[in-house]
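The values are calculated or read from the model by the stated rules, or taken from the named source; none is laboratory data. All of these numbers come straight from a predicted model, not from anything done at the bench. Glycine gets a Cβ as well: all are built from the backbone with ideal geometry, and neighbour counts include every protein chain shown.
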């Protein structure tokens, strides 16, 4: 699994843990829903600034995206 | 300090802790030295794949880039 896929799976896991839909996460992060969907499918090589927006929207620290658990 | 600057400072800190020059890190990561310099100056909104290359070159886990200490 490459870094994009691993990151996408983690975004999905954390989003669901917060009981947010992709639409909710899109609204909170300022990103659009199709982009959120593509990220979760591991199809986007996202940047630092997108990672930061997702972390803020999910109310987590960025490092949590890269933790094993 | 924005995310790019914070990330750049951390790359520099971790590079120096490993006693690597920017040239060494460029060689190890497959990135070029001017790009490494720009990253460390907080001027690049790097992607997941670049973050992964830097982590592998520094022999650290990606989350270490985003830890406070």
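Restricting the range B:46-69 to residues that are surrounded by fewer than 18 Cβ atoms within 10 Å (Cβ to Cβ) and assigned to a loop (DSSP other than H, G, I, E, B), the residue that is farthest from the other protein chains (Cβ to nearest Cβ) is B:59.
Results for (1) within 9 Å of the chain's Cα centre (by Cα); (2) closer than 22 Å to residue B:44 by Cβ, shown as yes or no for each residue.
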{"residue": "A:5", "(1), (2)": "no, no"}
{"residue": "A:15", "(1), (2)": "yes, no"}
{"residue": "A:20", "(1), (2)": "no, no"}
{"residue": "A:25", "(1), (2)": "yes, no"}
{"residue": "A:35", "(1), (2)": "no, yes"}
{"residue": "A:38", "(1), (2)": "no, no"}
{"residue": "A:42", "(1), (2)": "no, no"}
{"residue": "A:45", "(1), (2)": "no, yes"}
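Do you know which residues across the range B:11-34 are surrounded by 13 or more Cβ atoms within 10 Å (Cβ to Cβ) and closer than 25 Å to residue A:8 by Cβ? The answer is B:11, B:29, B:31. Test residue A:5 against the criterion of being over 19 Å from residue B:3 (Cα atoms), within 14 Å of another protein chain (Cβ to nearest Cβ) and either out of contact with any helix residue (DSSP H, G or I) (no Cβ under 7 Å at 6 or more places or on another chain) or surrounded by 13 or more Cβ atoms within 10 Å (Cβ to Cβ) (or both), and give yes or no. Against the criterion (over 19 Å from residue B:3 (Cα atoms), within 14 Å of another protein chain (Cβ to nearest Cβ) and either out of contact with any helix residue (DSSP H, G or I) (no Cβ under 7 Å at 6 or more places or on another chain) or surrounded by 13 or more Cβ atoms within 10 Å (Cβ to Cβ) (or both)), residue A:5 qualifies. Taking the listed residues A:17, A:38, the one that is more than 14 Å from chain B (Cβ to nearest Cβ), at pLDDT 95 or above and closer than 26 Å to residue B:55 by Cβ is A:17, with no other qualifying.
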